[in-house]
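Trainee: There's a structure below that I have some questions on.
The values are calculated or read from the model by the stated rules, or taken from the named source; none is laboratory data. Here the structure is a predicted model, which is why all the values come from computation and not from measurement. Because the Cβ atoms are built from the backbone with ideal geometry, glycine has one as well, and the counts that use them run over all protein chains shown.
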Amino acid sequence: MQDQSRFDTLGRLEDLPLDYREELARQNLVPLWPSLRAVLPAGKPQPNTRPIHWPYETLRPLLMQAGELTPIEKAERRVLVLANPGHGLEKMQASAAMYLGMQLLLPGEWAPAHRHTPNAVRMIVEGEGAYTTVDGEKCPMSRGDLILTPTGLWHEHGHDGDGPVVWLDVLDLPLVYYMEASYHIDGEPQTVKPGRGDRAYARAGVVPTQVFQRSNKAYPMLRYPWVEARAALEALAADQPELEAVQVSYVNPETGTDAENILGFYALMLRPGQTLDLPVRSPAMVFHLIEGGIDVGISDNSFALAEADTCCAPGYTPVRLRNRSTNSPAFVFIADETPLHRKLGVFENRG
Ligand code: 1HN
């Protein structure tokens, strides 16, 4: 009780004489005590990140309209940003560290080469025939594929197919921008080099070796085909009927560590009719439904996700996933801030 009363007795800014406050400001000084509880809330953080659902059905027509309104030359990247109103739409954040955008590339279009400090991944949502060239490696895009464009690597997108191609971009831009470390460099079209990481590393357990010399590339695998991730989930589910969370992590196949430095990426299968309560952890999470239909409960909110829908959950919040179908599995792509929290030493799992 004594502790509790301590929390209510801190002085307010208004308690200070005006001339004193003005003199503090003139000297670029700020009293801590009126803001102490705001920067260090009791017990758990008070996130700006709100639970938000972006249905693809209503987003898609607006993205296609952007295709008519804005030629690729005027956009460079034709993207509608999935912005969390809790942060203010203009901040273009889904959470503290995650940026999400739906990008459209039309047949024959080309999004020119550049490289930048924020890390990106793309989760392919719709269409065939587009590709992204990352560090000289031409990566074809198909539904559910995950393609990395890690910090500093050249990347450009092209499209030789017939229909629109859409993908979900996930970047750590809000964090890198906050760090005042965000910038880009424009480049020339890349020359495609022979060899593909997704083929070289397609058979887990064996990795390319140059006369006993393992690859020293920081990012040996750039494309993670959905057919492989899906097959791994199906096999896990079939082999281990007792396994509660049928989940795989996207990792660097040389080191086994997270595929990128700041954000983590995972694929989850929900068995027919399965409900899965996720542990309450410090990092915020993003869910994108690849296949099926699920309900996502985030504290008091419940979102009915259809295929290609995306939603986000703040950290320190209970999340419940439920497969609405009792006949078919559901497949979810998850992005979160776990690598960042672990590296900074602020990761928590409250069970
Ligand atoms: C970017 O480079 C891409 O290369 C997409 O496709 C979205 C959002 C912010 C900053 C850079 C891309 C981006 C981006």
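Trainee: For the condition modelled with pLDDT under 95 and more than 16 Å from the ligand (Cβ to nearest atom), what is the one hit in ARG21, ARG6?
Mentor: Result: ARG6 is the single residue among ARG21, ARG6 that is modelled with pLDDT under 95 and more than 16 Å from the ligand (Cβ to nearest atom).
Trainee: Would you point out the residue of the stretch 216-265, among those that are outside any helix (DSSP H, G or I) and among the basic types (Lys, Arg), that is nearest to LEU153 (Cα to Cα)?
Mentor: Going through the qualifying residues, I end up with LYS217.
Trainee: Just to be sure before I move on: is GLY129 in contact with a His (Cβ under 9 Å, 6 or more places away or on another chain) and away from the ligand (no atom under 15 Å from the Cβ) in the structure I sent?
Mentor: Here the answer is yes, as GLY129 does meet what is asked.
Trainee: Within the stretch 163-214, track down each residue that is away from the ligand (no atom under 16 Å from the Cβ), touching a residue at least 40 places away in the same chain (Cβ under 8 Å) and among the hydrophobic types (A, V, I, L, M, F, W, C).
Mentor: Of everything in the stretch 163-214, those that are away from the ligand (no atom under 16 Å from the Cβ), touching a residue at least 40 places away in the same chain (Cβ under 8 Å) and among the hydrophobic types (A, V, I, L, M, F, W, C) turn out to be VAL192, ALA204, VAL207.
Trainee: Report whether or not ASP169 is touching a Gly at 6+ places or on another chain (Cβ under 9 Å), farther than 23 Å from ALA259 by Cβ, modelled with pLDDT of 95 or more and charged (D, E, K, R).
Mentor: In short, no.
Trainee: Do you know which residues across the stretch 74-103 are farther than 23 Å from ILE147 by Cα and more than 19 Å from the chain's Cα centre (by Cα)?
Mentor: Of everything in the stretch 74-103, just one residue is farther than 23 Å from ILE147 by Cα and more than 19 Å from the chain's Cα centre (by Cα), namely LYS74.
Trainee: Residue by residue through the stretch 81-98, note down the ones that are within 13 Å of the ligand (Cβ to nearest atom) and among the charged types (D, E, K, R).
Mentor: Of everything in the stretch 81-98, just one residue is within 13 Å of the ligand (Cβ to nearest atom) and among the charged types (D, E, K, R), namely LYS91.
Trainee: Still on this structure, I have one more. Those residues that are in a loop (DSSP other than H, G, I, E, B), under 17 Å from the mean Cα position of the chain (by Cα) and under 22 Å from ASP309 (Cα atoms), I need them from the stretch 143-187; list them, please.
Mentor: Hits for the stretch 143-187 are ARG143, GLY144, ASP145, ASP172.
Trainee: Then there is this: When the residues of the stretch 144-162 are filtered to those that are of a type in the set (D, E, K, R) and buried (at least 19 other Cβ atoms within 10 Å of the Cβ), which remaining residue is farthest from the ligand (Cβ to nearest atom)?
Mentor: Filtering the stretch 144-162 for residues that are of a type in the set (D, E, K, R) and buried (at least 19 other Cβ atoms within 10 Å of the Cβ), the one farthest from the ligand (Cβ to nearest atom) comes out as ASP145.
One line per residue, one yes/no per condition, for (1) away from the ligand (no atom under 16 Å from the Cβ); (2) aliphatic (A, V, I, L, M); (3) under 29 Å from TYR250 (Cα atoms):
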residue	(1), (2), (3)
LEU13	yes, yes, no
GLY43	yes, no, no
GLU68	yes, no, no
GLU73	no, no, no
MET102	no, yes, yes
ASN119	no, no, yes
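Trainee: Can I ask one more? With the requirement that a residue be loosely packed, with under 10 Cβ neighbours inside 10 Å and in contact with a helix residue (DSSP H, G or I) (Cβ under 7 Å, 6 or more places away or on another chain), what does the stretch 12-70 give you?
Mentor: ALA42, the sole residue that qualifies.
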